[in-house]
Every structure is written in structure tokens, then in C-alpha cells.
Amino acid sequence: MTMKSDAAERIGTQGWQQFLARKQEMLYQYDLAKIYSKSHIVQVSHGNVAEASFRRFLSEFLPKRYGVCSGYIVSQKIKDNEKFPHYDIIIYDQINSPVLWTEENFDHSIQGKTRAIPAEHVNAVVEVKSVLTRYSANKAIKKLEELKPLLQGQGNLPNNFFMAIVFFELKISDEYDKDILKNLISDEELRGYFGGLVLKGEGLDIDKTGKFLLFESDTPANTTVGKDKQSLLKGSPVSDTVQYSNNKYIGTMLTWSEANFSMFAFDLIALLNNTYRSGYISSMHGMSWHNPEINNKVK
């Protein structure tokens, strides 16, 4: 499990390498679990490790007023004949929120314990998948769509609630699959959904993180992905758009950068604190850029 990095050619804000190392720790645990799972009949342990490691990261990173767990979101507006789905990561106000009940989980850490949180105290949901494929993208979106009943009316999820998806890797074998990005869009508008991350791309520098976000257009747009067009592992590929209304079309764009991991992490804090502004950098912590002096010496 070799992880190539061009960090020696970059400079950044104080502590950027140490912050980025947190992503590498998660990927190391994930890759190790993949090796062990090869001997299993059903290879799911690396997916469980992915969920557990990202929960642990968020629990250590986010301000302590926010709790991080897997579990259920329970609404006092929905009758008990409706089942409540289980979510990989729930971020909630642990200062003011009660925990309705607790269940044991595969992940025996504190963050992995399944908890039932009242909807009105839930700030965010993050779905975690191991590999980004057209199937896993669609599955993640369908999971988030199960939140729709809680996104309407009072006494359910708050107005500033948001959701995202995190994938641990994108493989070269899928780099020209044009359906992947489109499958990251809900057929109907999903309040609070703002995109997500791909922690590594096969063949790319380990420090590069993929970040996908939604864009809006008043006219339809076609995907730039395909063998005769653009790879999902290079540039800024975009999806076909989905029509939400007469003049509202939504698509996704994927970019790869060393800064995307820290940008996403501090965007989460800004969203939680209601200070997030689209198109603005939420924090310079963890940011790096190429060093012209070193690059010129290499030449």
C-alpha cells in the first residue's frame, strides 16, 4: 500500500500536512481492511471500516457541541407504523438533544454506537460508500431521498439541515462512466443536499481529493464524460442536467485538488454555524499550493 505524494513540492498554511494526514490515516485503514476482506466470502468489512473511520474523524474534528453517530432520525410528526431508516453518519446538537435509545453496532467505538436522535436536533446526515460507481451513487441518493418526509413541515428537520455523500475511492475502470455523475443527482429537488467527496482517485496523487458539487442552469447541459471526451479523474467533468422546473436544471461537477479535503471539512463547520457562503473559502486551515521556488529548481 504505497501512497505517492507531491507534498514536498508544495507549501501551505501552518499544519496543512498534518491535517491532510488525517485523510491518509482513513485511507490506510480502508486499504488494510480491503486486504483482510479478500479472504471473506462476503467482502463488506472495508465498507464498515470506511464508515467508522469517517465518523471518528468528524467526531474528533467538529466542535464538541456536535455529536456524531450512526443511527435513526425519529420524528414526533410521523406515526409509529412508518419505519425509520438507518443512516451512516448523523451530526446532531448533543448539548440540547436527548438520545431516545441506543443500540449496539458493528463498530464498537462510541461514535459507532447506533443512536436514535429526535429530528428537530439533527443538523446533518452524511452517507458513506466505499467505491464510487453508478450503482453506489444511485444507492446513496436513494438513501438521502428517504429523508423527504422529514424535510417538510415544522417539528421535523430544521431549516439549516444539510446532507452530503462521501466515497472512499474512484477506480480507473469507471473513469469514463457518464452515468456516475448524473446518478449523484436526485430526480426531485432535495433540500440541503450540497454534494460530497471522493477521498482518492486510482492513479492520482494521494493528496488529491475529489469534490463534487451541484450547479444550476436555466438551460439543459450535456455531460462532458466519455472515452472520446473527458475522464472523471481529470479536469472538471460535468454531468447531464436534471430538470427541476421550466427554467431550472441541476447538474454535478467533479474536481480534484489537494485543497478539497480541508475545504469540505471547514465547509461542514460553516454550514453547522450558519456562516457558509457558496463560492467562498470557509477557512484557510489545511490549505496548500504549489511552491514556485521548488518547482523552478526541479526544472
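The values are calculated or read from the model by the stated rules, or taken from the named source; none is laboratory data. Keep in mind that what you see is a predicted model, and the values were worked out from it rather than measured. Cβ placement follows ideal geometry from the backbone for every residue including glycine, while neighbour counts extend to all protein chains displayed. Surface areas here come from the heavy atoms of the whole protein model, side chains and all, with no ligands, DNA or RNA. Shrake-Rupley method; radii C 1.70, N 1.55, O 1.52, S 1.80 Å.
Values for this structure:
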| read-out | value |
| --- | --- |
| Top-ranked residue in region 199-232 [being in contact with a Pro (Cβ under 6 Å, 6 or more places away or on another chain) and open to solvent by 10 Å² or more (accessible area, probe 1.4 Å); ranked as farthest from residue 279 (Cα to Cα)] | 230 |
| Residue in region 150-170 that is open to solvent by 10 Å² or more (accessible area, probe 1.4 Å), modelled with pLDDT under 95 and either assigned to a helix (DSSP H, G or I) or of a type in the set (A, V, I, L, M) (or both) present | yes |
| Considering residues of region 61-90 that are aliphatic (A, V, I, L, M) and part of a loop (DSSP other than H, G, I, E, B) only, the residue modelled with the highest pLDDT | 62 |
| Selection within region 108-145 - assigned to a loop (DSSP other than H, G, I, E, B) and at pLDDT below 95 | 108, 109, 110, 111, 112, 113 |
| Region 34-55: number of residues that are more than 18 Å from the chain's Cα centre (by Cα) and either at pLDDT 90 or above or not hydrophobic (A, V, I, L, M, F, W, C) (or both) | 8 |
| Region 126-177, residues that are touching a Gly at 6+ places or on another chain (Cβ under 9 Å), of a type in the set (D, E, K, R) and under 13 Å from residue 193 (Cβ atoms) | 127 |
